[in-house]
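The values are calculated or read from the model by the stated rules, or taken from the named source; none is laboratory data. Quick caveat, the model's predicted, so the values are computed rather than measured. Using ideal geometry, Cβ is built from the backbone for each residue, glycine included, and neighbour counts are taken over all protein chains shown. Areas reflect the complete protein model, heavy atoms only, side chains present, ligands, DNA and RNA absent. Shrake-Rupley method; radii C 1.70, N 1.55, O 1.52, S 1.80 Å.
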Amino acid sequence: MRAVRAAIVVPSLFALTFKVIGDPQMALFATFGGFATLVIANFGGTRKDKFVAHLCLAVAGSVVLIIGTLVSGTTWLAALVTVPVTFAIFFAGVAGPNAVSGSTAAMFAYVLPVASAGGAATIPSRLEGWWLASAVGTAAVLLLSPRSPGDRLRAAAAELAAQLANRVSAAANGDTTQPQMMRAAKDKLRTAFTAAPFRPTGLATADQALSSLVQLLEWGTAQVSDAFDGHVDMTQGCEADRVLLRAAAGMLADTHTLLSGGQADPDFDGLERARAASAAHLSDLTGRAGEPDARVAAAHAVHAQAIAGVARGAAADALVASGDADPETVAGARRQWYGQPATPAAAGNGTSRLAGLAGATVVVTRHASLRSVWFLNSLRGALALAAAVAVADLATVQHGFWVVLGTLSVLRTSAAATGATAWRALAGTVIGFIVGALLLLGIGTGQTALWVALPVAVAIAAYAPGTTPFLVGQAAFTVTIVVLFNLLVPVGWRVGLLRVEDVAIGCAVSLAVGVLFWPRGASSVVAEDLADAFRVGAQYLTQAVDWALSELMLPPAAALATVSAGIRLDDAVRGFLAEQGSKKLSKDDLWMLLNASTRLRLTANSLAGLRQPESAPGLPPGAACLPLAGSEEYAGAPACVTLRSAAAGLAGFYGQIADEVGHPGPSPDLISVPAPAMLGPAVPRRAAAGGALCPSRAPPAGGKVSAEGAALDDSAAPGKGTALLNGAAVAPAQQLPHPHLLWVQEHLHHLSQSAQMVSEPALRVAELRRRPWWR
């Protein structure tokens, strides 16, 4: 459809402006504007989304066209102005996939005038050509578009939500399930989210909710796997925990319905009641359950609470993504994504312009850093194009904009990748020149033959991008240029030779800038962003543990910083994977470290969610003084000391990993960072045969209940410190701690487990960072 649209519209625009109107400037900008609108830009979404995107492209293109024309007469001024203008165009890609697609198209509107002769008097003709191409091209896109395949990301998220709902519901009912289907759905979602070299979601509230939902569902998959893959049998669990899991499954099913376009009303209040009932049951076990299986009952409650938290967040994000959320839900989501205060403007129907502007400001600030691949790519591209403008003007080439287009077409993030693309661009241009020369020798320079050849050449050039190798697309575009300029000024095959020369100059400029300014490309940014993600994630972890243990009065302040670091890391990894050429950094090591940083952040986020800022309940007196089971490292220590020490140990470990993978130091010796101490699980993984998992709430007949809720036996010898838990004598050290403490310990246990595999990949990344970029 793209080729058909271009083959109809571009030659028609050229014929109208050149033959009927007779304005060469209008013809040139209408033709290249048609290419920009119909071939370069590839907007997605609904028809309304496409219309808005094309309108924004037309307006932005008009602005930069005027700027480019006004500065084109002075070399130094043109080169100087090119830096901020092209940086802004490139950097606008942070707004989302449509902005990325439109940035290169908008570059056509600037490159042509800034590198072409013509003063302010040509602006009206150029604008007329650009707006004609924009109007006709937009109409062609809206009328001649294939049926949308649907939002693959939304569909994949809906499928995973359904699989999670089925798995959780089956586990609560004691049915068998197939974890392979859930894992396959997770892999499908990850592929849909990471396939493109840029995030598939934009700055709109619904897009941000969908992006958040993807991470929640992946985290939920890990939680469900931890809970049900062979070591927790819910058929022996307490009814309160099974009810909570069923409520969570209902939330996940509602998430699937909302993402699939249906109507659903998630029962958040019902879920919170079920969470409270499960927590009350777990509190009842604290100090009252003496049989060994009491801790298995606690395991059920711990996993059920974790899964319910994920389900609640997923349903809330699904409501926002589908546009059905109330203002309070949207305001809460924005506070999570952007750190915005809960102002009336932020909550007003979820569409407040002030709130949207504040969110966009946060996103721009997030990427205004040398640690952002968007910032570095934009800066490098701006410098390369400014150099190309200067070289084209100083070299007095006949078609200076081809030099700049050549630079733009081969510009990549690393010198090695740019060099590989430059050779393909030159080879494609040479092949296109040869084909174009042979075509002219065969059909001559007669107008009729060239007019017949033009739609065919345009159709091939429009079909090639994204469907054929880069070399083929470059050759097809060169043939189109040869035919087009022979219609404007018949000069035969020489126009193709000029394009070869100009593209060679542009490739050389791009390669030189790549070597001078960013030779390593995205790999260096990936390492720096990994270091940032580990460093701020470690801070978030310690703050979240202190918050969960009631050691902090305010929620963790590092939450927003971890979100920003995670997004920058995701963008850097996408840029790295999109680079052409060999990958010196192992993808297995990269994914291991990326997943480790994500698990660190989401673990801290789950811990921070154990207390709500509105109520901020604290631990009861003395609850944090009970020792925890399952950890020899901290045997006998009070729970608060154990958990804070474990969190500090993990934070120190990730801080060392950050120092190792970050900027390489002067020392040539590298030593693997020792793995952190393992914190034992809060609860065992299987029940004893015949054990009861729901002990009675009532104390033994005639017994007393201690301040901690333990049932005491009057016959116990005084001073021995022995308590009876449902009739079984145990030492106080064997009593179950407060539910908050169990949840914190379980999360830290899983994190310490996954941290054991981080040191070796981090060491290999650090070794690669010390090598020269050309090796």
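Quick check: is even one residue across the range 36-51 farther than 25 Å from Ala476 by Cβ, under 25 Å from the mean Cα position of the chain (by Cα), at pLDDT 90 or above and surrounded by fewer than 17 Cβ atoms within 10 Å (Cβ to Cβ)?
No: zero hits.
So which residues in the range 57-70 are crowded, with 20+ Cβ neighbours inside 10 Å and more than 18 Å from Val141 (Cβ to Cβ), if there are any at all?
Hits for the range 57-70 are Val64, Leu65, Gly68, Thr69.
Among the numbered conditions (1) closer than 18 Å to Leu610 by Cα; (2) at pLDDT below 75, tell me where Glu328 comes up short.
All conditions pass for Glu328, except number (1).
Which of the residues spanning the range 747-775 are within 30 Å of Ala548 (Cβ to Cβ) and either open to solvent by 80 Å² or more (accessible area, probe 1.4 Å) or at pLDDT below 80 (or both)? So that I can check it myself, show each step before the final result.
If we filter the range 747-775 for residues that are within 30 Å of Ala548 (Cβ to Cβ), which is where we start, we get 747-759, 761-762.
Within the range 747-775, Gln753, Met757 meet the criteria.
Kindly indicate whether any position in the range 120-129 is in a helix (DSSP H, G or I), of a type in the set (Ser, Thr, Tyr), touching a residue at least 12 places away in the same chain (Cβ under 8 Å) and buried (at least 16 other Cβ atoms within 10 Å of the Cβ).
Step one: filter the range 120-129 for residues in a helix (DSSP H, G or I), giving 120-129.
Those left that are additionally of a type in the set (Ser, Thr, Tyr): 122, 125.
Then keep just the ones that are touching a residue at least 12 places away in the same chain (Cβ under 8 Å); that gives 122, 125.
Subsequent filtering for residues that are buried (at least 16 other Cβ atoms within 10 Å of the Cβ) retains 122, 125.
Checked against the condition, which is being in a helix (DSSP H, G or I), of a type in the set (Ser, Thr, Tyr), touching a residue at least 12 places away in the same chain (Cβ under 8 Å) and buried (at least 16 other Cβ atoms within 10 Å of the Cβ), the range 120-129 yields at least one hit.
If I ask for residues that are open to solvent by 10 Å² or more (accessible area, probe 1.4 Å), part of a helix (DSSP H, G or I) and in contact (Cβ under 8 Å) with a residue 12 or more places away in the chain, which ones from the range 20-34 would you list?
Keep residues of the range 20-34 that are open to solvent by 10 Å² or more (accessible area, probe 1.4 Å), which gives 20-26, 28.
Applying the additional criterion that residues be part of a helix (DSSP H, G or I) yields 20-21, 24-26, 28.
Within the range 20-34, Pro24, Gln25, Met26, Leu28 qualify.
How many residues does the range 130-158 hold that are open to solvent by less than 70 Å² (accessible area, probe 1.4 Å) and within 26 Å of the chain's Cα centre (by Cα)?
Total meeting the criteria: 7.
Would you be able to say whether some residue in the range 160-169 is open to solvent by 50 Å² or more (accessible area, probe 1.4 Å) and farther than 16 Å from Phe35 by Cα? Write out each step before concluding.
In the first step, residues of the range 160-169 are kept if they are open to solvent by 50 Å² or more (accessible area, probe 1.4 Å); the result is 166.
Okay, now just the ones that are also farther than 16 Å from Phe35 by Cα, so 166.
There is at least one residue in the range 160-169 that is open to solvent by 50 Å² or more (accessible area, probe 1.4 Å) and farther than 16 Å from Phe35 by Cα.
Do the conditions hold for Leu590, that is, is it open to solvent by less than 40 Å² (accessible area, probe 1.4 Å), modelled with pLDDT of 85 or more and either in contact with a Leu (Cβ under 6 Å, 6 or more places away or on another chain) or part of a helix (DSSP H, G or I) (or both)? It would help to see each step written out before you state the result.
Details: open to solvent by less than 40 Å² (accessible area, probe 1.4 Å): yes; modelled with pLDDT of 85 or more: no; either in contact with a Leu (Cβ under 6 Å, 6 or more places away or on another chain) or part of a helix (DSSP H, G or I) (or both): yes.
Considered against the rule, which asks whether it is open to solvent by less than 40 Å² (accessible area, probe 1.4 Å), modelled with pLDDT of 85 or more and either in contact with a Leu (Cβ under 6 Å, 6 or more places away or on another chain) or part of a helix (DSSP H, G or I) (or both), Leu590 comes out as no.
Among all residue pairs at least 6 apart or on different chains, which show Cβ distances below 7 Å where the first residue, located in the range 521-533, is on the phi > 0 side of the Ramachandran plot and open to solvent by less than 10 Å² (accessible area, probe 1.4 Å) and the second is polar (S, T, N, Q) and at pLDDT below 80?
Short answer, once both residue conditions are applied: Gly521/Thr413; Gly521/Ser414.
Quick one: would you say Ala95 is more than 34 Å from the chain's Cα centre (by Cα) and surrounded by fewer than 21 Cβ atoms within 10 Å (Cβ to Cβ)?
Considered against the rule, which asks whether it is more than 34 Å from the chain's Cα centre (by Cα) and surrounded by fewer than 21 Cβ atoms within 10 Å (Cβ to Cβ), Ala95 comes out as no.
Looking only at the range 259-275, how many residues end up being over 15 Å from Ala157 (Cβ atoms) and part of a helix (DSSP H, G or I)? Spell out how you get there, then give the answer.
Kept after step one, since they are over 15 Å from Ala157 (Cβ atoms), are these residues of the range 259-275: 263, 265-275.
Restricting the remaining residues to those that are part of a helix (DSSP H, G or I) gives 268-275.
Final tally of qualifying residues: 8.
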